[in-house]
1. Looking for whichever is of a type in the set (S, T, N, Q) and either under 21 Å from Asp134 (Cα atoms) or at pLDDT 95 or above (or both) here; the options are Gln293, Gln339. Which one fits?
2. Mind checking whether some residue in region 820-827 is closer than 23 Å to Pro716 by Cβ, assigned to a helix (DSSP H, G or I) and either touching a strand residue (DSSP E or B) at 6+ places or on another chain (Cβ under 9 Å) or open to solvent by 30 Å² or more (accessible area, probe 1.4 Å) (or both)?
3. Looking at Gly364, Gly371, which one is closer than 19 Å to Glu210 by Cα, modelled with pLDDT under 95, surrounded by 24 or more Cβ atoms within 10 Å (Cβ to Cβ) and not hydrophobic (A, V, I, L, M, F, W, C)?
4. Just for region 312-321: of the residues that are open to solvent by 50 Å² or more (accessible area, probe 1.4 Å) and in contact with a strand residue (DSSP E or B) (Cβ under 8 Å, 6 or more places away or on another chain), which one is nearest to Glu395 (Cα to Cα)?
5. Can Lys725 be described as open to solvent by 20 Å² or more (accessible area, probe 1.4 Å) and in contact (Cβ under 8 Å) with a residue 40 or more places away in the chain?
6. What about Leu484, is it assigned to a helix (DSSP H, G or I) and modelled with pLDDT of 85 or more?
7. Looking at region 688-708 only, could you name the residues that are open to solvent by 60 Å² or more (accessible area, probe 1.4 Å) and part of a helix (DSSP H, G or I)?
8. Could you tell me which residue of region 87-111 is farthest from the chain's Cα centre (by Cα), considering only residues that are of a type in the set (D, E, K, R) and under 15 Å from Leu20 (Cβ atoms)?
Amino acid sequence: MGLRSFVEVSPDSHFPLENLPYGVFRPTSTAGGDGSPPAPRPGVAIGDFVLDLSVISAAGLFDGLILKDSPCFLQPSLNMFVGMGRPAWKEVRLTLQRLLSAEDPTLRDNTSLREKSLLKMSEVEMLLPTVIGDYTDFFSSMHHAKNCGTIFRGPENPIPVNWFHLPIAYHGRASSVVISGTDIIRPRGQGYPTAKSPPYFGPTQKLDFELEMAAIVGPGNELGKSINVDEAADHIFGLVLMNDWSARDIQAWEYVPLGPFLGKSFGTTISPWIVTLDALEPFACDAPKQDPQPLPYLAESKHINYDIPLEVWIKPAGHEHPVIITRSNFNNLYWTLTQQLAHHTINGCNLRPGDLLGTGTISGPEAESFGCLLELTWNGQKPLNLIGAARKFLEDGDEVFFTACCKSLKEQSVKLSGDSTLLFAGGESVTGAHPCGFCLARGRAGGGGEEKREAMSIVPRETIEVIAQSIGIANLSPDVALALAPDVEYRLREIMQEAIKCMRHSKRTILTADDVDSALSLRNIEPIYGFASGDPLRFKRAVGHKDLFYIDDRDVDFREVIDAPLPKAPLDTAVVAHWLAIEGVQPAIPENSPVEAIVAPSENKKSDNSKEDGLHVDLKLPVKHVLSRELQLYFDKITELTVTRPESILFKEALLSLAADSGIHPLVPYFSYFIADEVARSLNDLPILFALMRVVRSLLQNPHIHIEPYLHQLMPSIITCVVAKRLGSRIADSHWELRDFSANLAASVCRRYGHVYHNLQSRLTKTLINAFLDPSKALTQHYGAIQGLAALGPGVVRLLVLPNLEPYLQLLEPEMQLEKQKNEMKRKEAWRVYGALLCAAGKCLYDRLKLFPGLLSPPKHKVWRSNGRVATSTLNKRKPSTIHSMQQPPFKKMAVDGAIGTMTTGSQGAEDRFPTQSSGAGMGQSSAAGQVSVEAIGGRRAPTGSAVLAQAWKEDLDAGHLLASLYQLFGEGVLSFIQPVEMSFFV
């Protein structure tokens, strides 16, 4: 199911919530105080509206780590924003999808902000989205290259040889790039001469469009540094449609030898909306297979295009409706966007944010998928029939529309729509603009000067020839050697990079031959065995050669080499990452403490560690607690993930590390202070609070650390997450789960460390019961207190909660009723508290019924009822002795210390008693219990046996009271805590 926005978006809209393209606009309905037009500002398209990003930014709704307080959306263009990089793009996209979603009330329920930030598209004027500093147009479609080459050069050699080895391009004119809807004036220039006549001069007779798309460059690169092809996608902000208008007769005459000039520079139209690569990610597909394989700097690990269907419509002058003339697809590009960008910078050319990189005309293999009129009409030889209007090339007044729409199987769509309008009358424009959506007209030049491929390698051709001769290839062609040189260099660089990694893992700074052998082994290549020096290789520079080095080997006696024993076979390399390696960074671990930390005091100083009698006293040096570098990295990474990425997979791995690693005990005090500070600071941030409690749980689970001394710092933070009045800042925040989680955490601390701190559970219980019985506390605090008491066990609930259950429910009942409590939120909180009480009491009941399994079962002995008295009899009658009291379980011994709170349920509860049969657990180790008579009227008991045994039997009967009492308070809800047999017996 797709995303749903509170802004009404029709099913066929070009701008659903999945798209969110960026543009720059100016409102047409308002003007400045001096009558000047409003300033341009960035926006995002949603349905038939434009979201003003400057208003959203001024309202402080971009509160992420990167965009907080950033002025990027207060600029008249998108250049600053696109230059901030992919992390900023993703942060803004997630923020906008949340603000525009139907579930988030921030913008939906703020009428003033919503009316100020959402403008109708009919009330805005679209402008160029970025300030374009430079514009490059590539020649990346193989079908277009083949068709144009056949038209201009013949079918014998349609595609230049260099085309399959590099993305050919030319540098266009950025000043003539205009927004969709701008009028284009028919250019003038020299045309191709016919026969012996001079070149023609005048308005072009072959005005053409070119169906293209263009990439908007994000972060650029420094002059002299190239961009790796596998990292190029992070430098592309998004795509626009582009029409590179072309004068074919002018182009054909001028393009040799330097490529297009006046035939292209008169106008290029782009769409107003930039669709980001994040929006296009669901439509990624495999790019065409490239043969021959590209050079290493163009060989990308992910060779992908995007499945973007493209259409071109023409509305002839004087006609009312446009006619579709071609359907193509973006995936017809032979060279991908990333390869184009990587090739553009391989010579060190610096790109800048906002630069425009055109793909070139995108043509498919079929005639109906050609991307320009030059191909569709085969240079005017096959005119198109446009419903009564024949066209070889564009005429004055024709309007060209480009559209693109991506649609997945789930009907999720990212669309581009718009138009480019042409009207010409004697070379002057008399046309008006059409509304622009997300699509627009664009084109690509077919002719380009051929470039001679040059080898780009530091490996000389002669070296390749020598290697060839050493393996038996005597006559290697110089061209082949030149072509092999870049590949040899690439493979050598790979080996050396692996060798450097081996060196760093060995904590060395000098590269040795062993590192190279290890690198070869990692690539399943047999290392080079033979005579090797144990010392590092010493290279010397050759005199008169800047880049030539040699090893000054000593003279070796060949007989010594023969007589020497064979060296031991090298061990297989085993590289194991240390547990403290963080994101591939292996910090250097010091072997021993620094000498300064363990040096003894100097003898010439007066010794303070000697007594007056001259005897020396052995004093230990103070220990300074200093974290090692790797522990500091570990701590910083864990805290960063806790605060910024608590939902990431990496954070989950960090929790596993905290729960199992044995070397993090020095970090426990740091984590304790961090958790205490962050809990106090982040009470309004529920995800961070939950992440902090998960960190506490992992620390408690770690068997290798001694956490007892730091419980006094952790327990207040845990209790705060249990009984705090408010956790989280949004109504939708589910703080109930956090309270449940923290309550169980506090109970586990008491169970595990109660023997160390004898007053730990008593202090926790006192805090919780005070919060539970204080009527001035909020219901959320009552809920946390109940859950905390319930987590401590059924015994705590029986002693502290059940005696106060009936009066508390009397106070809670009005808060649950619609007639008395109109606040829906407080009413829901009351029902939450009611559910917590029911669960706590039910678990207590279940525990008591498990403790006395014969309580609700039919008796095995004779049972008779007489005047409300119930008695059981056995064959062997013995009086209970005091020995039994010594064998009572702990909960029965508690009855001696103080009275156990029981619930009075009225006369009915006193009359409906159940027969009780003594068990081994209740009567010590005696299997043949003596006769015990119990009076069931008014809760009185026959005064037989010792006082301790009588008190224990009182507990047994109180368990029998419990079910009937809870049934009166909670109704049938309590029956879910009874085993089926027992429940049927009760019913």
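The values are calculated or read from the model by the stated rules, or taken from the named source; none is laboratory data. These numbers were taken from a predicted model, which means no experiment stands behind them. Positions of Cβ are backbone-derived with ideal geometry, glycine not excepted, and every protein chain shown enters the neighbour counts. For accessibility, only protein heavy atoms count, side chains too; no ligands or nucleic acids. Shrake-Rupley method; radii C 1.70, N 1.55, O 1.52, S 1.80 Å.
1. Only one candidate passes the filter, namely Gln339.
2. No, region 820-827 contains no residue that is closer than 23 Å to Pro716 by Cβ, assigned to a helix (DSSP H, G or I) and either touching a strand residue (DSSP E or B) at 6+ places or on another chain (Cβ under 9 Å) or open to solvent by 30 Å² or more (accessible area, probe 1.4 Å) (or both).
3. From the options Gly364, Gly371, the qualifying one is Gly371.
4. Per the stated criteria, the residue is Trp313.
5. The answer is yes for Lys725.
6. So Leu484 fits the description; yes.
7. Arg697, Gln701
8. Among those residues, the one meeting the criterion is Asp104.
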